[in-house]
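Following: one structure in structure tokens, then a few remarks.
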Amino acid sequence: MQPFYRRTRRYPPVKIPEVNSKEFTNRCVGTIVGFAIGDALGMPAEFLTRDQIRRYYGKTITDFLRAHQGHASDFLPSGSYTDDTQMMLATAECLIECQKMDAARQGDALLSWYLNTVPHRTPMRANMRACKHLSTGRAWTKSGVFSGGCGAAVRMPPIGLFFCQSTEILIKAALDDCIITHTEPRARAAAVAVAYLIARLAQATEKCSPGDQVLETADRVAHIDEDMAALLRWVTQITHLPPEEALFEIGCSADALEAIPAATYCFLKYPRQFHNAVLAAVNAGDAADSVGALTGSFVGALAGVEAIPQSLRRQVENADLLAAVGERLASLASSAGAQSMAS
Ligand SMILES: [Mg+2]
């Protein structure tokens, strides 16, 4: 018999539950705003260990801070997000403009980010290398590099919201976007996992169990990368552990096999408590921006924007733009699903 983390659960066909449109909008805004806030809370902790966070800031992170002097983000004011949110927003704006996943246009949006961002905000290497390929005229189907980082997965929340009504189209859109920068199986599994989990959480009813939705996500990605599926199943089994211990075991680097399980654990530990979930993520350091961002978007997708403390919502960079993008994605999501199914 296979160990539990290799076992595949069989689910009946997904029946999309009804979430009223006001609540759905609330969750779409929560996904986008929660992502940026998690990124901005993690910004000063990126690259640091737990001990270094205490040493540099005198305490654990509980609010927006400026990065310490000498940190790669020390030029940013507190409340600023990093490359993760910039690329997530580029994806959202591309979906809003094209009203579908147009991978060539998405490649242009990423290239524009690469060429026009001055200075870059601790960009991930694989994204920079892929964008360099795009800048030399390579097509989006040939620009990706063989990297297993989480740099593609972090731009998936808008895809999860936009295509939440059609799993098949969501998976295709996530994979098309992913391979523009990342081609390794674990990066592709991570991209599908983030998009799919966001879609399920944004439509979850009271009866849905977050743990079951993570297990369902694991099944959806098992054929792409069995290790990603195994790790997602495993984190559902360790939510009783305190964050320090669990995140030590999982790891919090930008490797997709660490960042996505780490954010999933923080979400499952505190599915509706935004502050607790995101602070658990960012105080582990390392890829604190990406893990914080994903955690924030998972909690925001399930619990809605009202679960996010108002002071953070007010102070985050581009607060109004983030909320507007979430609202627009919500209003396009149902028509996008219908249109995509017809085409
Ligand atoms: Mg970043």
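Every number here is computed from the coordinates shown, using simple stated rules; none is lab data. If you're wondering where the values come from, they're calculated on a predicted model, not measured in any experiment. Backbone-built Cβ (ideal geometry, glycine too); neighbour counts: all protein chains shown.
What the table shows:
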quantity: Shape of the range 18-129, Cα gyration tensor, a/c cut at 1.5; calculated: oblate
quantity: Fully extended contour minus Cα-Cα distance, from Leu321 to His120, at 0.36 nm per residue; calculated: 70.4 nm
quantity: Interchain or long-range residues, amide H under 5 Å from His182's placed H; calculated: Val145
quantity: Rounded if a/c under 1.5, otherwise prolate or oblate - the chain, Cα gyration tensor axes; calculated: rounded
quantity: Where labels lie 7 Å past Cα in the beta-carbon direction, separation of Arg105 and Lys172 in nm; calculated: 1.6 nm
quantity: Extension reserve of the Lys22-Lys132 stretch, reckoned as 0.36 nm per residue once the Cα distance is removed; calculated: 35.5 nm
quantity: Gyration tensor verdict on the range 140-271 (Cα atoms; rounded if a/c is under 1.5, prolate if a/b is larger than b/c, oblate otherwise); calculated: oblate
quantity: Mean-position separation - Cα centroids, the range 136-162 and the range 30-91, in angstrom; calculated: 22 Å
quantity: Cα-Cα over 21 Å, subset of Lys142/Lys172; Lys22/Lys172; Lys172/Lys207; calculated: Lys22/Lys172; Lys172/Lys207
quantity: Length gained when the stretch His240-Asp63 is fully extended (0.36 nm per residue, less Cα-Cα span); calculated: 61.2 nm
quantity: Chymotrypsin sites (Phe, Trp or Tyr not before Pro), loop per DSSP, at most 13 other Cβ atoms within 10 Å - longest free stretch of the chain; calculated: 147-343
quantity: Relative contact order [Cα under 8 Å, 6+ residues apart], the chain, whole percent; calculated: 31 percent
